[in-house]
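*Asks:* Quick one: the structure is below, and I'll ask about it shortly.
The values are calculated or read from the model by the stated rules, or taken from the named source; none is laboratory data. Just so we're clear, the structure is a prediction, and the values are computed from it rather than from any experiment. Every residue, glycine as well, gets a Cβ built from its backbone with ideal geometry; the counts of neighbours run over all protein chains shown. When the accessible area is computed, the model is the full protein with side chains, heavy atoms only, and any ligands, DNA or RNA have been set aside. Shrake-Rupley method; radii C 1.70, N 1.55, O 1.52, S 1.80 Å.
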Amino acid sequence: MRRALERLLHLVENVIVYFSIIGLMFMVVIVFYQVIGRYLFNRPPRWTEEIALIMMIWIAMLGAGVGLKNDIHMRVEVFMNVFPKSIQRLVEIAIMILIGYFGIQMTRYTLIMIQRLPNRMPATGISVRWMYLPVAVCGVLLVVCVALKILEQLALLKGERKQ
């Protein structure tokens, strides 16, 4: 199960990386277009700001979702090195459970909020839901990454006990 989850997450991570690269390039182009419109023609297009905002939110939240898999999240390890490896692994599992719970709640409440948002963005007419949807997707990615991390820590604990 762990290998299948790793392969799936690796595929999702690659899709997110390519989406982020393309999205960032698109964002640079439209912001450049906005700057040209503002300073050369004195009439900036209104839609560019909203699209750039949506792209930035999607890129950031998807990156945060897979960032847990690659251990690029913040952590404080002041006292962790004092404890034996088995205790460190148990603490890591407890931390992952808390992060997983946060991911579940993040997804749950975002989906509730999305259902209650009838608003549209003024310049583009795009539903405001598209701005909040990546938070729910990030929560799902967090839960999947947490499951993988817990399986990894349990396998390491099991290997340490055999020795």
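*Asks:* Applying the selection to segment 74-102, what residues are touching a residue at least 24 places away in the same chain (Cβ under 8 Å) and not in a helix (DSSP H, G or I)?
*Replies:* None; the set is empty.
*Asks:* Can you find a residue in segment 46-57 that is modelled with pLDDT under 90 and over 30 Å from ARG161 (Cα atoms)?
*Replies:* Yes, segment 46-57 contains a residue that is modelled with pLDDT under 90 and over 30 Å from ARG161 (Cα atoms).
*Asks:* Quick check on segment 1-41: of everything there that is among the charged types (D, E, K, R) and in contact with a Leu (Cβ under 8 Å, 6 or more places away or on another chain), which residue is nearest to ILE59 (Cα to Cα)?
*Replies:* My answer is GLU6.
*Asks:* If we scan segment 111-124, do we find a residue that is among the polar types (S, T, N, Q) and open to solvent by 90 Å² or more (accessible area, probe 1.4 Å)?
*Replies:* yes
*Asks:* Then there's this: Filter segment 109-131 for residues that are without any contact (Cβ under 8 Å) to a residue 24 or more places away in the chain and not in a loop (DSSP other than H, G, I, E, B); which is nearest to ARG46 (Cα to Cα)?
*Replies:* Residue satisfying both the conditions and the ranking: ARG120.
*Asks:* Between a residue in segment 134-163 that is farther than 30 Å from ILE112 by Cα and any residue that is surrounded by 15 or more Cβ atoms within 10 Å (Cβ to Cβ), which pairs come within a Cβ distance under 7 Å, given they are 6 or more apart or on different chains?
*Replies:* GLN153/ARG89; GLN153/GLU92; GLN153/ILE93; LEU156/ARG89; LEU157/ARG89
*Asks:* Looking at LEU142, LEU154, can you tell me which residue is out of contact with any helix residue (DSSP H, G or I) (no Cβ under 6 Å at 6 or more places or on another chain) and either within 23 Å of GLU13 (Cα to Cα) or surrounded by 13 or more Cβ atoms within 10 Å (Cβ to Cβ) (or both)?
*Replies:* Criteria check complete, one pass: LEU154.
*Asks:* I need every pair where a residue in segment 27-45 that is among the polar types (S, T, N, Q) has its Cβ under 8 Å from the Cβ of a residue that is modelled with pLDDT under 95 and open to solvent by 100 Å² or more (accessible area, probe 1.4 Å), sequence separation at least 6 or different chains.
*Replies:* The qualifying pairs are GLN34/GLU49.
*Asks:* Quick one: count up the residues across segment 1-26 that are surrounded by 12 or more Cβ atoms within 10 Å (Cβ to Cβ), charged (D, E, K, R) and free of Cβ contacts under 8 Å to residues at least 60 places away in the same chain.
*Replies:* Of the residues in segment 1-26, 1 are surrounded by 12 or more Cβ atoms within 10 Å (Cβ to Cβ), charged (D, E, K, R) and free of Cβ contacts under 8 Å to residues at least 60 places away in the same chain.
*Asks:* Has segment 140-156 got at least one residue that is of a type outside the set (Val, Ile, Thr) and under 20 Å from ILE54 (Cα atoms)?
*Replies:* So far as segment 140-156 goes, yes, one or more of its residues are of a type outside the set (Val, Ile, Thr) and under 20 Å from ILE54 (Cα atoms).
*Asks:* Out of all the residues in segment 1-50, which are in contact with a Ser or Thr (Cβ under 7 Å, 6 or more places away or on another chain) and among the aliphatic types (A, V, I, L, M)?
*Replies:* Correct list: ILE30, VAL31.
*Asks:* Taking VAL29, is it under 29 Å from LYS158 (Cα atoms), among the β-branched types (Val, Ile, Thr) and open to solvent by 70 Å² or more (accessible area, probe 1.4 Å)?
*Replies:* no
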